[in-house]
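The values are calculated or read from the model by the stated rules, or taken from the named source; none is laboratory data. Since the structure is predicted, the reported quantities are computational estimates derived from the model, not experimental observations. So basically every Cβ, Gly included, is an ideal-geometry build from the backbone, and we count neighbours across all protein chains shown.
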């Protein structure tokens, strides 16, 4: 079967169509290698938590075996535990030690945010209208 003749359900059966090989697999390898060292464990756990949530939800909603669901839940719980133990450091890096945005660029950034939000809303509306 060629990729052009594959139906939507056929694409769901092959992980290469879902971007697993191109994006998720390198992210998992890089994140797992960060988890190996104490200095980078927090970064690795922070990076791998959304990936593990995705894997857990795929396992649940596609009715993958109970063993796969329990393994994914256990690994996710371990990563959340790592993040929880270092929550003060993570909070200080992400919020406390951040410099204040200069007032000269604040208005421009709000305009950019509003344009991005407008583009997303318009894309959703056009997609919804075209689907019907």
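Please name all residue pairs, on different chains or six or more residues apart, with Cβ atoms under 7 Å, provided the first residue is in the stretch 87-99 and is assigned by TED's automatic domain parsing to the domain that holds residue 39 and the second residue is modelled with pLDDT under 75.
none
Just checking, which of 81, 129 is in a helix (DSSP H, G or I) and either surrounded by 10 or more Cβ atoms within 10 Å (Cβ to Cβ) or on the phi > 0 side of the Ramachandran plot (or both)?
Going through 81, 129 in turn, the sole match is 81.
So which residues in the stretch 33-60 are over 15 Å from the mean Cα position of the chain (by Cα) and part of a helix (DSSP H, G or I)?
Answer for the stretch 33-60, where residues must be over 15 Å from the mean Cα position of the chain (by Cα) and part of a helix (DSSP H, G or I): 33, 34, 35, 38, 39, 40, 41, 42, 59, 60.
Tell me, yes or no, whether the stretch 87-109 has at least one residue that is in a helix (DSSP H, G or I), surrounded by fewer than 14 Cβ atoms within 10 Å (Cβ to Cβ) and in contact with a helix residue (DSSP H, G or I) (Cβ under 7 Å, 6 or more places away or on another chain).
yes
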